Structure formats: C-alpha cells, structure tokens
Amino acid sequence: MLELINVTRKYGDVVAVNDVSLTVAKGEFFCLLGSSGCGKTTILRMVAGFEKRTSGQIILNGRDMGDDPPYCRDVNTVFQNYALFPHMTVFENVAYGLRIRKCNTAEIGTRVMEALGQVRLSGFEERRPDQLSGGQQQRVALARALVNRPSILLLDEPLSALDKKIAEQTRLELTELQRRVGITFIYVTHNQTEALALADRVAVMHNGVIEQCGPPGEIYEHPKTRFVADFIGSMNFLDGQVTTATDRGCRLRLAERWDVEIDKASPVAPGNRVLYCLRPEQLRLSLLPARDFENSVPGVLRRKVFEGDATLYLLELANGQMVTVSQNNYIARLARDFYELNQEYLLLWSRTSGEIIRA
Ligand SMILES: Nc1ncnc2c1ncn2[C@@H]1O[C@H](COP(=O)(O)OP(=O)(O)OP(=O)(O)O)[C@@H](O)[C@H]1O
Ligand SMILES: [Mg+2]
C-alpha cells in the first residue's frame, strides 16, 4: 500500500533520513522505533506531505505522491500533543475536517458519531477538551483523524504524554480499534515495549537508517546488528572468536578462555571476531562444577536486584566483564535467598540460545 524507495532527507549537512526503503501492507500496524533524533518524525512528515524529500520515491496505492500537498494525500496524522481546538466542543473538533470539505450537516452528524463510537467517546460530544482527561483528549484526536476515513493513519508518539497505566490501557484499545476499522497504521515511538506490544512489524531506526525490519518476535529473538540487540530488551554481549564453523553450528572461544558449542547456522568463518549475545532470561545459575556442563562460564555473584516477578543477578567473569542473569521468582522461589554475594557460580545456557553478530 505504501512504499518508500531510497528516500533521503537532508537539512544542510544533517542527514535526517538516509536512503530508507520500506513497504507497508494494507491493514498493517507498522511501527517506526528508534531513539530521539533518529529520523522517525521526518519520515512521517514526508509521507504526510509536510516535508519534502531530498531524493527517493514515496508511493501510495501504486502512485508516486511526488510533491502532492498534504490535503491531496489519503493519509491523516495524530500528533503527540493532540492539537485539539480548546474553544470547540468534542463534536466540533471531530467535525472540523468535514466542515472544511463542505460535507452536508446530516453526513457530518453520522460520521462524527461513528468516529466517537469507535474511540468509545459516545456521550462526550458537548464537552470541551479541558473537561477531558489526557487519555480522552488523545482519543478525540484519534477520532478527528478517523472521521476522514484515510487509508493510512500516521501516529507520532501518541501515548507519550500519558501516564504509564493510562498509556498501557490506551495501547490495548488502539490495537483493538485498528483491527476493527482496518485502517493501516504507521506508528512512531521511542518506546520499545510499546512497539513490541502493538506492531505487526517493527522497523528499528538508528541515525537515519533502518537497521532491521520484521515482526516483534523476530527482532527480539534474532537481532541482526549490535544496535538492535542492545536497543530492544536487555542483552549480554560476550566477545568471542570462531574456532570452527559448519552450516549447522559453530564453536566459539569466549572472553579468550572458554570454548562453547552453538547450534546455529550463521555466516561466520574460523578466525572471525564475533559478539555472542545472550539475554538475561536465557541464562541460568548453578552451583555444580564446571566440567559437568558444556556452555557454562564461571562467575562471581556481585549484586542481586529484586524486581518483583524476577530477580536479576549480576556476575563478574574472570576478565572483569559483568553478565546479567534473570531468574523468574515464581519458578525459583527459593533461589533468590539461596544465592550469596561473592560466591562463585556457573552461568549455564543451551546450545541453541543466543545470537551471533559479526563484530
Ligand atoms: N527543520 C529542521 N532543520 C534542521 N534539522 C532538522 C529539522 N528537523 C529535524 N532535523 C534534524 O533531523 C534529525 C531527525 O529528526 P526527527 O525529528 O525526525 O527525529 P525523531 O526520530 O522524530 O526524534 P524524537 O524521538 O526526538 O521525536 C535530528 O537530528 C533533527 O535535529
Ligand atoms: Mg519525533
């Protein structure tokens, strides 16, 4: 439905968006995820037509949008700050776009009520924005975009001004709403939890470039670059060198002394320097002697952090590197009292866990 081909946007020497290509399918919930300044808003503004591209093509429904002005594009934007008209009622805020386009009164009435129903705000027509909570104001902003029945809705950090509980609740409502109305969503956020929870596919951006694009599970389980591995969730990075490699797996030497076997086909050859990435939840702690286990590394427990559902254990390896292990407290209820600081334990993992990234 929407295709960006080699799109670049420069501001003087600043390359805000650098040769980005992506496709978004009809009905998809697509997320652009990245830290501040990576170019997310610039992409949205180019799709909406508020911003010109320096080079590349933006194609909507098979047609290059070229330099079409915003009002000629079949897209609508929901901004972070809502941008509601404070002196107008909820009804008038939502009706505004239709009045501009000279729809007749009966049609305006029907469509505004339908849009307010979609965001569960029926009955709030006569209120003014200052008589609504932040979450409700955000839903008015959503209704104001939906009422135009665009083929794509662009949302720029719409939940970032809400407190955590309300944001979580609104997040759930958003996915339901999107499924119900079937409009394609392009959703910008710097919040990885939000992106993983909402999106059908996530594009992880860094310095104007898309580092990886795929379903949330794939991004989390198989990060392709160090940036993605580090940005999504928490990750331990162990320096390693490949000693042998076949198409079914390889042998790594980690931190210059431990040999481990990994059951993962990866594009590496003997001698390559790599980063072996292990999530804290892929590791386990054990007291048993090292020789009984393959893929284990000794470490000294330096800190315990109780997080309610889980406990984090920070262990120091012989080369001084810290590694984090996360253990579910329900499954290992006794363990969190049992592990003692400054004792040596083994960190264990299975041959199939972890990802290898070329250093
Ligand atoms: N009008 C402008 N003139 C000059 N530089 C700009 C302009 N707009 C954006 N930039 C720069 O382009 C880069 C990308 O900006 P953009 O607003 O797209 O980032 P973002 O990913 O949306 O960040 P945030 O999460 O903070 O909203 C930044 O380095 C920014 O300073
Ligand atoms: Mg932005």
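Computed over the stretch 234-358, the range of Cα coordinates on each principal axis works out to 43, 25, 24 Å, biggest value leading.
Derived scalar couplings between HN and Hα for the stretch 207-213 equal 6, x, 10, 8, 7, 7, 9 Hz in order, rounded to whole Hz, by the Karplus curve 6.51 cos²θ - 1.76 cosθ + 1.60 (θ = phi - 60°), x for Gly and Pro. Normalised by the number of residues in the chain, the average gap of Cα pairs under 8 Å and 6 or more apart makes the relative contact order 15 percent. The amide H of Asn272, built 1.01 Å from its N in the peptide plane, has Val242 as neighbours under 5 Å, considering only residues 5 or more places off or on other chains.
Given their separation in residues at 0.36 nm each and the Cα-Cα distance between them, Glu92 and Ser21 gain 21.7 nm when the chain is fully extended.
One quarter of the surface of the convex hull around the alpha-carbon atoms of the stretch 1-92 equals 7.5 nm², the direction-averaged projected area.
Its relative contact order, with pairs defined as Cα atoms under 8 Å and 6+ residues apart, puts the stretch 234-358 at 28 percent. The residues of the chain have, on average, 49 Å² of accessible surface per residue, using a 1.4 Å probe with all protein chains present.
Residue separation of Asp239 and Thr110 scaled by 0.36 nm, minus their Cα-Cα distance, works out to 40.2 nm of gained length.
Estimated from the Cβ-Cβ distance and a Förster radius of 35 angstrom, the FRET efficiency linking Glu168 and Asn61 is about 0.55. Excluding same-chain residues fewer than 8 positions from Lys10, which lysines have a Cα within less than 17 Å of its Cα? Qualifying lysines at Cα under 17 Å: Lys40, Lys52. Classification of the stretch 241-283 by its C-alpha gyration tensor yields an oblate form. The axis ratio a/c (a ≥ b ≥ c) is 1.5 or more, and b/c is at least a/b. Roughly what angle does helix 90-100 make with the longest principal axis of the chain, taking Cα atoms, 0 to 90 degrees, to the nearest 10? It works out to around 70 degrees. Amide H contacts for Tyr187 (H built 1.01 Å from N in the peptide plane; partners 5 or more residues away or on another chain; cut-off under 5 Å): Phe30, Cys31, Leu32, Leu155. The ellipsoid that matches the Cα gyration tensor of the stretch 129-287 has semi-axes, each √(5λ) in whole angstrom, of 42, 17, 12, with the longest given first.
Tally Lys/Arg at +1 and Asp/Glu at -1 over every other residue whose Cβ is under 12 Å from the Cβ of Met322; what's the total? Within the 12 Å Cβ shell, the charges total +1. Which of the three applies to the chain, rounded, prolate or oblate, going by the alpha-carbon gyration tensor with a ≥ b ≥ c and a/c under 1.5 meaning rounded? Note, shape of the chain comes out prolate.
The values are calculated or read from the model by the stated rules, or taken from the named source; none is laboratory data. Computed from a prediction, not measured in an experiment: that's the story for all the values here. Don't worry about glycine lacking a Cβ; one is built from the backbone with ideal geometry, like all the others, and counts go over all protein chains shown. Remember, those area values only see protein heavy atoms, side chains included, never the ligands or the DNA or RNA. Shrake-Rupley method; radii C 1.70, N 1.55, O 1.52, S 1.80 Å.
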